[in-house]
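Data block below; observations after.
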Amino acid sequence: MTATAHEVVRLFQDHAYPLSEKLTEMLNEHYSHQTERRGCGYTQATRVLAEYINVPRVSHEFQDLKLFDQYDTHGLRKILDQSRAYHVDLSSWRNLDLNQNIQQLNQSEQATEFCDVLEKELRLQKSLRQIQQHANLEESQLICSLIEDVILPKSPIENQIVEVQALVDKPKVGSCPMAENFFLKIAHRRVLRNGEINIFVDVHGQPIFMEKLNMGDNHSCISLKPVLMNGVRIPAGSLFSVSYDAEQLVEKRQNREFKGFVIPYQAISGWWFLRLTTLAVSPQNRKRAFSTHFQQQVDNGLYSPGTTELQQLIDVAIAQL
């Protein structure tokens with residue numbers, strides 16, 4: 001572990017379980033990820049996490065544990081296979097630390113190999129649930145939360161968060177480092193003459209997504225509030241693509257100011273999470289978090305990438321209601 005290792009890399013090494021070689025390399029900003037197409041390692045790491053987040057959590061599969069460095073699933077398999085012998089019927093290895101029956105079993109005095117294995121996995125899950133609290137950097141907190149939820153999925157009710165449907169297939173919408181370009185302009189009310197913005201609202205009529213049309217890639221969206229997808233809390237300021245049949249959108253009304261419509265989110269087929277945008281991190285921390293990606297935006301003359309706040313986009317969205 002080098003002294004220059006990213007805070008997230010150090011946190012998982014010290015408090016939970018080491019991250020995969022690929023994620024570690026990205027978060028440590030290896031030069032191979034600081035390219036024109038990738039932007040920076042941090043951005044690329046959020047694209048890798050997106051590959052997991054867009055797929056539903058499966059209770060008995062261990063695919064998500066590939067986020068870690070060669071995680072040995074032998075213990076979890078043993079717990080699933082032998083739990084019934086201890087009169088515990090488990091539907092999944094996830095969220096064991098919240099399972100009351102498992103808690104009681106673990107507190108009993110049975111000093112068995114099964115209980116030793118169980119204690120080890122419970123310790124990891126508890127550590128994973130608390131890892132974000134150890135992070136000092138804003139951008140680290142975002143990554144820690146995403147990884148935690150991939151392994152320990154959340155419910156919309158306990159988190160009072162809007163749950164959105166994930167698309168089955170990835171739409172052809174790009175996530176290049178310049179994808180923020182038009183959203184930055186829209187934040188300053190600079191919408192192209194033929195440009196349109198659609199505002200997707202929750203059941204209370206509050207904006208949760210903004211979609212742009214005729215400005216770069218169509219059906220590119222930015223989240224204006226945190227949303228839940230496949231058990232993962234995805235922060236505001238995330239880049240999504242969206243898919244729907246425009247002709248079938250009956251419940252919609254025209255925006256007050258710009259071309260486009262206000263649309264209930266339930267009318268939409270689904271979304272696909274692409275990555276975090278630079279707007280997911282507050283302006284004062286953006287350069288540190290996104291390094292060469294942020295610098296690329298500056299060098300390419302994007303509109304105020306270092307000072308624009310997500311709240312400005314939210315204000316534009318509210319003005320359309």
Check your understanding: For segment 73-102, how many residues meet the condition of being open to solvent by less than 40 Å² (accessible area, probe 1.4 Å) and in a helix (DSSP H, G or I)?
Key -> 9
**Study point:** Inter-residue pairs, beta-carbon under 6 Å, first part of a helix (DSSP H, G or I) and in segment 294-318, second open to solvent by 30 Å² or more (accessible area, probe 1.4 Å), 6+ apart
**Key:** F294/K287
Practice item. Would you point out which residue out of S304, S291, S269 is surrounded by fewer than 22 Cβ atoms within 10 Å (Cβ to Cβ) and in contact with a strand residue (DSSP E or B) (Cβ under 6 Å, 6 or more places away or on another chain)? Key: S269
Review point. Can you tell me which residue in segment 145-168 is nearest to G216 (Cα to Cα), limited to those that are in a loop (DSSP other than H, G, I, E, B) and touching a residue at least 60 places away in the same chain (Cβ under 8 Å)?
Key: L167
Review point. Residue check: is E119 open to solvent by 30 Å² or more (accessible area, probe 1.4 Å), farther than 30 Å from Y303 by Cα and not assigned by the TED database to the domain that holds H60?
Key: no
Check your understanding: Are any residues in segment 23-72 touching a Phe, Trp or Tyr at 6+ places or on another chain (Cβ under 8 Å), acidic (D, E) and not in a helix (DSSP H, G or I), and if so, which ones?
Key -> E29, D69
Review point. How many residues does segment 72-97 contain that are touching a residue at least 40 places away in the same chain (Cβ under 8 Å) and farther than 30 Å from V164 by Cα?
Key: 2
Check your understanding: Hey, A280 hits all of (1) within 21 Å of the chain's Cα centre (by Cα); (2) at pLDDT below 95; (3) more than 21 Å from G195 (Cα to Cα) but one; which does it fall short on?
Key -> (2)
Check your understanding: Which one of D202, D217 is in the same structural domain as T292 (by the TED database) and closer than 12 Å to L239 by Cβ?
Key -> D217
Exercise for review: Might you let me know whether segment 55-63 holds any residue that is under 22 Å from the mean Cα position of the chain (by Cα), in contact (Cβ under 8 Å) with a residue 60 or more places away in the chain, closer than 25 Å to V168 by Cβ and open to solvent by less than 10 Å² (accessible area, probe 1.4 Å)?
Suggested key: no
Review point. For L23, all conditions in the list (1) open to solvent by 40 Å² or more (accessible area, probe 1.4 Å); (2) modelled with pLDDT of 95 or more hold save one; what is the number of the exception?
Key: (1)
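The values are calculated or read from the model by the stated rules, or taken from the named source; none is laboratory data. This one's a predicted model, so the numbers in the text were calculated from it and none came from an experiment. Cβ sites come from the backbone with ideal geometry, for glycine too, and all protein chains shown count toward neighbours. Side chains are part of the model used for accessible areas, which takes the heavy atoms of the whole protein and leaves out ligands, DNA and RNA. Shrake-Rupley method; radii C 1.70, N 1.55, O 1.52, S 1.80 Å.
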